[in-house]
Ligand SMILES: Nc1ncnc2c1ncn2[C@@H]1O[C@H](COP(=O)(O)OP(=O)(O)OP(=O)(O)O)[C@@H](O)[C@H]1O
Ligand SMILES: [Mg+2]
């Protein structure tokens, strides 16, 4: 079963328990409420009427006693006109009221016990009403007998009345007792239910709480592996492929952790393979570069060596023939070609050899000024106008000679690109974190397809060029934490050409 299903089921069980408790409590409360309603609207009002009935009946009996004893015919008339008949009327009314109450409660009664209590009360009320009518009839006859002075007859009727009254009083008491018993029963049931309900609610709440706790523990235990997994994923994401999610168990998270660990291991292996391939590639590149350099050197030195060989023979001939002039000429050529050879070797040696020793503070403004001064005579010869916009001071930390070499290479390339004169501009701007140098010319320009290749070793479009000037410059600039790039020059008069940009970190800037 999946984790989600398990958690959903667990919460479902807790919810179901909670709703069951709430529902049962509601049902229980409602039924207690119904019992109390019957009590309040049925039993108690009926009981009140019966209490009144009992007291009225007692009064009527007393009045009858008084009427029987009374000798004064005037008082007798007064008594008989009012009391007994009034009492009977009131009693009939109370009985009617009690019947109505009992009937309406019987209609709405919701429990069997209430219904049966009310049914018997209704029957007894009917009987009582009949008896009350009968009593009223006998009462009228008794009063008539009293008036007609037939004492013997009156005495007899009075005895009948007494018997009726007793029976009626017994009936009233019986009903009162029945209702009181019903009240006691209802209150007892309500109390029992209240107690049972309280016990049920407490027990069910305890069970819900325990289940909630169990689910909490379960959820914690089930989801606990997520943390080490997340941590492992985070570490793998930042390149620590050795990180593993240590999760035991066969659940979904266990499977996930296994898969994750397999993935991390695969990444580790791939990383190792990549590093190995990279090493092999670098090695192959190095060997290829050695091959290229050897071929290049062979090519470069072949011409001077041929020239040296040829001129050595010419020198030999000149010495044999005693032609001093020819001998000196050949010697000069030999000398020049040897110089050329040593220049070639020197430039190869320079390339790939990084400057060493302590770095110093170098003011690029001074270095670039000196380099431009160096080229000024040649520029004048080639009709190249030189412009410079150099900031006050542009200090960087590094190797002065190496940096000078960079500028020499850039300025020489610019001059060489302007066969028919032009403009050469060098600028230095000191910005927030660095020094920006730009060397622009109005020369031949670099075709877009060559723009990326000019920094490749041996890329040269010149007959005598080694193609090492720009790669060497880039090596030095990078060694100083900077970068170099080229772009078409943007001259204000619309002229074309090339600009080389060099950005170097300013001294002290990180
Ligand atoms: N300012 C420039 N204008 C036009 N082309 C340029 C410029 N600078 C460099 N290049 C092109 O880039 C190529 C490579 O330049 P790089 O300085 O590396 O070698 P090189 O100048 O050919 O040889 P060397 O520097 O040994 O004399 C050049 O041959 C040239 O085609
Ligand atoms: Mg060059």
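The values are calculated or read from the model by the stated rules, or taken from the named source; none is laboratory data. On a predicted model such as this, the values are computed, not experimentally measured, just so you know. Don't worry about glycine lacking a Cβ; one is built from the backbone with ideal geometry, like all the others, and counts go over all protein chains shown.
Being surrounded by fewer than 14 Cβ atoms within 10 Å (Cβ to Cβ), out of contact with any helix residue (DSSP H, G or I) (no Cβ under 6 Å at 6 or more places or on another chain) and in a helix (DSSP H, G or I) is a property that holds for residue 291. Being at pLDDT below 90 and surrounded by fewer than 15 Cβ atoms within 10 Å (Cβ to Cβ) is the filter; apply it to region 435-457 and report the residue that is farthest from ligand 1 (Cβ to nearest atom). Across region 435-457, the extreme among qualifying residues is 452.
Among the residues of region 316-328, what is the count of those that are assigned to a helix (DSSP H, G or I) and either without any contact (Cβ under 8 Å) to a residue 12 or more places away in the chain or closer than 22 Å to residue 344 by Cβ (or both)?
Within region 316-328, residues that are assigned to a helix (DSSP H, G or I) and either without any contact (Cβ under 8 Å) to a residue 12 or more places away in the chain or closer than 22 Å to residue 344 by Cβ (or both) number 8.
Checking region 412-431 against the condition returns a match, with at least one residue being more than 20 Å from residue 498 (Cβ to Cβ) and more than 16 Å from ligand 2 (Cβ to nearest atom). Scan region 150-170 and tell me whether some residue there is over 60 Å from the mean Cα position of the chain (by Cα), within 30 Å of residue 81 (Cα to Cα) and not in a helix (DSSP H, G or I). Yes, there is a match, as at least one residue in region 150-170 is over 60 Å from the mean Cα position of the chain (by Cα), within 30 Å of residue 81 (Cα to Cα) and not in a helix (DSSP H, G or I). Just to be sure, is residue 245 touching a helix residue (DSSP H, G or I) at 6+ places or on another chain (Cβ under 9 Å) and assigned by TED's automatic domain parsing to the domain that holds residue 344? Criteria met by residue 245. For residue 466, the requirement of being near ligand 1 (Cβ under 8 Å from one of its atoms), at negative phi, in a loop (DSSP other than H, G, I, E, B) and free of Cβ contacts under 8 Å to residues at least 40 places away in the same chain is not met. With respect to the conditions (1) without any contact (Cβ under 8 Å) to a residue 24 or more places away in the chain; (2) surrounded by 13 or more Cβ atoms within 10 Å (Cβ to Cβ); (3) over 30 Å from residue 47 (Cα atoms), residue 160 falls short on a single one, namely (3). For residue 480, the conditions (1) surrounded by 19 or more Cβ atoms within 10 Å (Cβ to Cβ); (2) within 14 Å of ligand 1 (Cβ to nearest atom); (3) within 30 Å of residue 297 (Cα to Cα) all hold with the exception of (2).
Okay, residues lined up against (1) crowded, with 16+ Cβ neighbours inside 10 Å; (2) near ligand 1 (Cβ under 8 Å from one of its atoms); (3) modelled with pLDDT under 90:
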site: 419; (1), (2), (3): no, no, no
site: 428; (1), (2), (3): yes, no, no
site: 433; (1), (2), (3): no, no, yes
site: 494; (1), (2), (3): no, no, yes
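Inclusion of residue 21 among residues that are in the same structural domain as residue 184 (by TED's automatic domain parsing) and surrounded by fewer than 17 Cβ atoms within 10 Å (Cβ to Cβ) is not warranted. Residue pairs whose Cβ atoms lie under 7 Å apart, sitting 6 or more positions apart in sequence or on different chains, and linking a residue in region 429-450 that is closer than 15 Å to residue 388 by Cβ and in the same structural domain as residue 379 (by TED's automatic domain parsing) to a partner that is assigned to a helix (DSSP H, G or I) and within 16 Å of ligand 2 (Cβ to nearest atom), are 439/410; 439/411; 439/414; 441/414; 441/417. Kindly check whether there is at least one residue in region 384-402 that is assigned to a helix (DSSP H, G or I), in contact with a strand residue (DSSP E or B) (Cβ under 6 Å, 6 or more places away or on another chain) and surrounded by 14 or more Cβ atoms within 10 Å (Cβ to Cβ). Checking region 384-402: at least one residue is assigned to a helix (DSSP H, G or I), in contact with a strand residue (DSSP E or B) (Cβ under 6 Å, 6 or more places away or on another chain) and surrounded by 14 or more Cβ atoms within 10 Å (Cβ to Cβ).
Among the residues of region 118-131, is there at least one that is more than 30 Å from residue 189 (Cβ to Cβ) and surrounded by fewer than 16 Cβ atoms within 10 Å (Cβ to Cβ)? Looking through region 118-131, at least one residue is more than 30 Å from residue 189 (Cβ to Cβ) and surrounded by fewer than 16 Cβ atoms within 10 Å (Cβ to Cβ).
Within the bounds of region 468-476, is there any residue that is away from ligand 2 (no atom under 13 Å from the Cβ) and over 29 Å from residue 296 (Cβ atoms)? The answer is no, given that none of the residues of region 468-476 is away from ligand 2 (no atom under 13 Å from the Cβ) and over 29 Å from residue 296 (Cβ atoms).
Residue-by-condition table, conditions (1) in a helix (DSSP H, G or I); (2) touching a residue at least 24 places away in the same chain (Cβ under 8 Å); (3) buried (at least 17 other Cβ atoms within 10 Å of the Cβ); (4) touching a strand residue (DSSP E or B) at 6+ places or on another chain (Cβ under 7 Å):
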site: 10; (1), (2), (3), (4): yes, yes, yes, no
site: 32; (1), (2), (3), (4): yes, yes, yes, no
site: 50; (1), (2), (3), (4): yes, yes, yes, no
site: 56; (1), (2), (3), (4): yes, yes, yes, no
site: 59; (1), (2), (3), (4): yes, yes, no, no
site: 62; (1), (2), (3), (4): yes, no, no, no
site: 74; (1), (2), (3), (4): yes, no, no, no
site: 78; (1), (2), (3), (4): yes, no, no, no
